[in-house]
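Chemist: Sharing a structure, written as structure tokens. Questions coming.
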Amino acid sequence: MKARRVEGLDPAAPLRPNAARLVRARLDELRSFAPIALEAPASKTQHDMRIAAKRLRYALEIVGPCFGPEADAARDVARRLQGVLGEIHDCDVMLPRARGIESIRERLRERRERLFGEFTQLWRDATPVWAALERALQGGRRA
Amino acid sequence: MARAREVPGFDCEEPFAAAAARVIEVRAAEVFAHSDGVLDLGDIERLHDMRVATRRLRAALEVFDSCFPRKRHRGALKRVRRLADALGERRDRDVAIEFLVGLEAETPEPDRAALRALVERLREEQREANAALAPYVKPRRLKKLRRRLRKLSRAAKR
């Protein structure tokens with residue numbers, strides 16, 4: 001999945017406003033997948049959302065110091081989302097390969113179901129974290 | 001997994017392109033610092049660390065793409081992507097093998113032979129992925145990539 005292009009970045013302007021624009025775009029991209037990814041069988045969208053979470057995480061890892069602890073908290077949530085969605089993807093890849101080994105397939109299905117529950121809970125808990133990040137992006141912070 | 005190194009002199013008020021140059025230098029150095037022993041199938045964490053460092057470098061190249069001359073940036077990103085993909089192919093097998101081996105003890109006897117056969121197929125794929133990765137992590141090739149990234153960093157539009 002290609003990252004959405006971020007318009008209006010200016011190499012000569014200070015890092016902070018450029019970083020705010022970039023992080024906002026990555027957060028919007030991540031959130032755009034949620035309505036479909038929160039349906040259990042939507043494996044393709046869950047995979048795309050994992051990539052979006054990874055992009056947000058690494059963007060925050062680079063420019064997070066410009067936005068304070070709110071950015072650290074958001075980066076941590078993005079990292080956990082990336083992790084749980086990655087494990088769901090691993091189950092989806094392994095299931096067809098384990099054809100004919102019913103006990104393993106059963107374990108994989110159970111594992112996926114549990115991970116999907118963790119994902120939905122994590123997403124619900126993330127709402128205030130994203131809101132705090134958005135406020136920090138508007139206000140900036142002295143580095 | 002290794003934590004990302006701090007970027008010395010990082011300043012939110014300096015120009016975006018100056019920050020780009022600093023970040024790319026540090027992230028590139030991290031990749032090369034983790035390149036020893038990545039082909040060692042007995043210690044899969046080494047490859048994992050290099051993969052994460054490569055992901056971080058790739059992310060930095062994507063974040064700062066507007067700060068570099070387009071052609072030079074595209075050339076560097078393409079090479080970093082290929083390295084990341086080759087590392088990823090190996091890592092996928094490492095993770096799958098580790099997961100399935102962990103299930104063997106609790107797998108009912110009738111399914112064990114099929115499970116072992118699946119693990120053996122994955123080990124074969126792991127060896128193939130390792131052979132495909134080998135040219136990307138040759139010291140000479142890594143040195144060239146490092147030089148390319150250094151030039152890119154110096155070419156940031158300040």
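Readers should treat all values here as calculations from the given coordinates under stated rules, not as data from a laboratory. Owing to the predicted nature of the structure, the values given are computational and were not obtained by experimental measurement. Glycine gets a Cβ as well: all are built from the backbone with ideal geometry, and neighbour counts include every protein chain shown.
Chemist: Hey, if you put +1 on the Cβ of every Lys and Arg and -1 on every Asp and Glu Cβ in the protein assembly as shown, which of A:Cys91, A:Pro17, A:Pro41 ends up farthest toward the positive end of that dipole?
Modeler: Working it through, the farthest residue towards the positive pole turns out to be A:Pro17.
Chemist: Shifting gears a bit: With N residues in region B:108-150, what two-decimal value do you get for its Cα radius of gyration over 2.2 N^0.38 Å?
Modeler: Details: Rg = 18.1 Å, N = 43, 2.2 N^0.38 = 9.2 Å.
Relative to the rule-of-thumb radius for its length, region B:108-150 sits at 1.97.
Chemist: Quote the charge dipole size of the protein assembly as shown about the Cα centre in Debye, to the nearest 20; the model charges only the Cβ of Lys and Arg (+1) and of Asp and Glu (-1). Please list the in-between numbers first.
Modeler: Numbers: 66 positive and 46 negative charges, 449 e Å.
Roughly 2160 debye for the protein assembly as shown.
Chemist: Let me ask you something else. Expressed as a whole percent, how much of the Cα-Cα distance distribution for region B:2-94 exceeds 24 Å? Don't skip to the end; give the middle numbers.
Modeler: Details: 1065 of 4278 pairs.
Roughly 25 percent, once rounded to a whole number.
Chemist: Still on this structure, please answer the following. Can you return the aspartates and glutamates within cross-link range of B:Lys143? Criterion is Cα-Cα under 16 Å, with same-chain partners fewer than 8 residues away left out.
Modeler: Cross-link targets: B:Glu25, B:Glu30, B:Asp36.
Chemist: Quick one: if you take sqrt(5λ) for each eigenvalue of the C-alpha gyration tensor of the protein assembly as shown, what semi-axes come out, biggest first, whole angstrom?
Modeler: On the way: eigenvalues 254, 131, 39 Å².
Working through the eigenvalues yields semi-axes of 36, 26, 14 Å.
Chemist: With the dipole of the protein assembly as shown worked out from charges on the C-beta (+1 for Lys and Arg, -1 for Asp and Glu) around the Cα centre, which of B:Gly42, A:Leu56, A:Gln82 lies farthest toward the positive end?
Modeler: Result: A:Leu56, furthest along the dipole toward the positive end.
Chemist: With an 8 Å Cα cut-off and a minimum separation of 6 or more residues, compute the relative contact order for chain B in percent.
Modeler: Working: 149 pairs, mean separation 51.0, N = 158.
Dividing the mean separation by the residue count of chain B yields 32 percent.
Chemist: Can you give the helix-only mean residue ellipticity at 222 nm for chain A, where every DSSP H stretch with n ≥ 4 adds -39500 (n - 2.57) and the sum goes over all residues, rounded to the nearest 500 deg cm²/dmol?
Modeler: Details: 4 runs with 112 residues, N = 143.
Only helices count here, giving -28000 deg cm²/dmol.
Chemist: Related question: Quote the charge dipole size of region A:15-139 about the Cα centre in Debye, to the nearest 20; the model charges only the Cβ of Lys and Arg (+1) and of Asp and Glu (-1). Write out the running numbers ahead of the final one.
Modeler: Working: 23 positive and 18 negative charges, 56 e Å.
Dipole magnitude for region A:15-139 comes out near 260 debye.
Chemist: Right, another one. Largest first and in whole Å, what are the equivalent-ellipsoid semi-axes of region B:39-158 based on the Cα gyration tensor, each being the root of 5 times an eigenvalue?
Modeler: On the way: eigenvalues 289, 37, 20 Å².
Semi-axes, largest first: 38, 14, 10 Å.
Chemist: So what's the back-of-envelope 222 nm ellipticity for chain B, counting only DSSP H runs of four-plus at -39500 (n - 2.57) apiece and dividing by all residues, rounded to 500? Before the final figure, lay out the partial values.
Modeler: Values: 5 runs with 113 residues, N = 158.
-25000 deg cm²/dmol, from helical runs alone.
Chemist: Another question, then. Kindly flag which residue pairs out of A:Lys54/B:Lys138; A:Lys54/B:Lys71; A:Lys54/B:Lys144; A:Lys2/B:Lys78; B:Lys71/B:Lys144 have an alpha-carbon separation exceeding 22 Å in this structure.
Modeler: Details: A:Lys54/B:Lys138 28 Å; A:Lys54/B:Lys71 26 Å; A:Lys54/B:Lys144 28 Å; A:Lys2/B:Lys78 14 Å; B:Lys71/B:Lys144 17 Å.
Among A:Lys54/B:Lys138; A:Lys54/B:Lys71; A:Lys54/B:Lys144; A:Lys2/B:Lys78; B:Lys71/B:Lys144, the Cα-Cα distance tops 22 Å for A:Lys54/B:Lys138; A:Lys54/B:Lys71; A:Lys54/B:Lys144.
Chemist: Quick one: longest stretch of chain A between exposed loop trypsin sites (Lys or Arg not before Pro), exposed meaning at most 12 other C-beta atoms within 10 Å and loop per DSSP? Mind showing how you got there, number by number?
Modeler: Working: sites that count: A:Lys2, A:Arg5, A:Arg99, A:Arg142.
Of all site-free stretches, the longest is A:6-98.
Chemist: I'm checking a number: the convex hull volume of the Cα atoms of chain A, normalised per residue, in Å³. What is it?
Modeler: Details: hull volume 14.5 nm³, N = 143.
Looking at chain A, the number lands at 101 Å³ per residue.
Chemist: Rounding to the nearest 10 and keeping the result within 0 to 90°, find how far the Cα-based axis of helix B:139-154 lies from the longest principal axis of chain B.
Modeler: Between helix and principal axis, roughly 30 degrees.
Chemist: Between the helical axis of B:70-103 and the dominant principal axis of chain B, each derived from Cα atoms, what acute angle in degrees is found, rounded to the nearest 10?
Modeler: 20
Chemist: A further question on this structure: Mind checking B:95-103 for the average number of partner chain beta-carbons within 10 Å of each residue's beta-carbon? Write down the numbers at each step before the final one.
Modeler: Details: counts 5, 4, 0, 0, 8, 6, 0, 0, 6.
Partner-chain Cβ atoms within 10 Å, mean over residues of B:95-103: 3.
Chemist: Roughly what angle does helix B:109-133 make with the longest principal axis of chain B, taking Cα atoms, 0 to 90 degrees, to the nearest 10?
Modeler: For B:109-133 against chain B, the angle is about 30 degrees.
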